[in-house]
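One structure below.
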Amino acid sequence: MQAEKLCYECKVVKPLEEFGKKSSRKDGLESVCKHCLKLKRMLHPRRKYTPIEIDATATKKCVDCHIEKSYSAFDKNPTRKDGYNTRCKTCLKIARKSHKHTFKKRPKKTKAFTMTLKLASITEKDYLEQLEKQQGKCAICGKLETSLDNYRKADKRLSIDHCHKTGNFRGLLCTKCNVGLGMFGDDSEMLQRAIDYLESRMY
């Protein structure tokens with residue numbers, strides 16, 4: 001088992017105990033050593049503003065709905081200059097619901113899903129990290145998956161796309177885009193000819 005690790009910041013190989021824990025990383029450790037993290041936090045402390053007194057009649061415009069509302073419609077936030085969030089409570093609630101819908105609880109694994117993970121040489125953790133990176137959307141069309149998984153009675157997971165020659169993982173695609181690539185045999189030249197064909201007949 002590896003007993004040392006290279007710090008991304010100072011480029012020094014150090015014992016594993018010199019790194020803090022981070023569950024989202026493959027090795028479960030921070031990429032930067034504790035010493036460098038401490039220095040970064042000292043150099044760039046999180047800014048906190050002293051709360052200012054707000055007039056009872058004062059209003060603030062929400063960055064989402066663009067409606068002027070009283071400060072009571074906003075949650076307090078010490079990291080903001082005026083001490084309040086930029087989104088009103090209503091819009092913040094909507095945004096949180098949307099985020100919760102995109103990143104649902106970890107779906108139940110199926111044999112097919114496990115096999116696909118193995119084919120692409122990735123773990124479920126890798127899949128979830130990529131899913132979050134893509135904000136739950138297809139890497140090609142930028143849309144959420146809408147096809148139904150009859151087995152789980154829920155929306156299908158985004159498909160794992162990998163190079164059929166090298167086996168390397170490329171990204172996550174919706175069913176339509178994944179099938180589309182497959183129909184073209186992952187042939188970039190054929191895809192380009194299809195694009196040229198469509199563009200030459202746009203009338």
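Looking only at the stretch 112-122, which residues are under 18 Å from Cys163 (Cβ atoms) and not aliphatic (A, V, I, L, M)?
Within the stretch 112-122, Thr116, Lys118, Ser121 qualify.
Working only within the stretch 177-203, note down all residues that are within 23 Å of Ala120 (Cα to Cα) and either modelled with pLDDT under 85 or surrounded by fewer than 16 Cβ atoms within 10 Å (Cβ to Cβ) (or both).
Matches in the stretch 177-203: Val179, Gly180, Gly182, Met183, Phe184, Gly185, Asp186, Asp187, Ser188, Leu191.
Just the residues that are in contact with a helix residue (DSSP H, G or I) (Cβ under 8 Å, 6 or more places away or on another chain) and either modelled with pLDDT of 90 or more or farther than 30 Å from Glu17 by Cβ (or both), please, taken from the stretch 34-62.
Across the stretch 34-62, the qualifying residues are Lys34, Ile54, Ala58, Thr59, Lys60, Cys62.
For every residue, the table says whether it meets (1) in the same structural domain as Arg170 (by TED's automatic domain parsing); (2) among the hydroxyl-bearing types (Ser, Thr, Tyr); (3) modelled with pLDDT under 85; (4) surrounded by fewer than 16 Cβ atoms within 10 Å (Cβ to Cβ).
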{"residue": "Ala95", "(1), (2), (3), (4)": "no, no, yes, yes"}
{"residue": "Ser98", "(1), (2), (3), (4)": "no, yes, yes, yes"}
{"residue": "Leu128", "(1), (2), (3), (4)": "yes, no, no, yes"}
{"residue": "Asn150", "(1), (2), (3), (4)": "yes, no, yes, yes"}
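The values are calculated or read from the model by the stated rules, or taken from the named source; none is laboratory data. This is a predicted model, so every value here is computed, not measured. In this analysis, Cβ positions are derived from the backbone assuming ideal geometry, glycine residues included, and neighbour counts consider all displayed protein chains.
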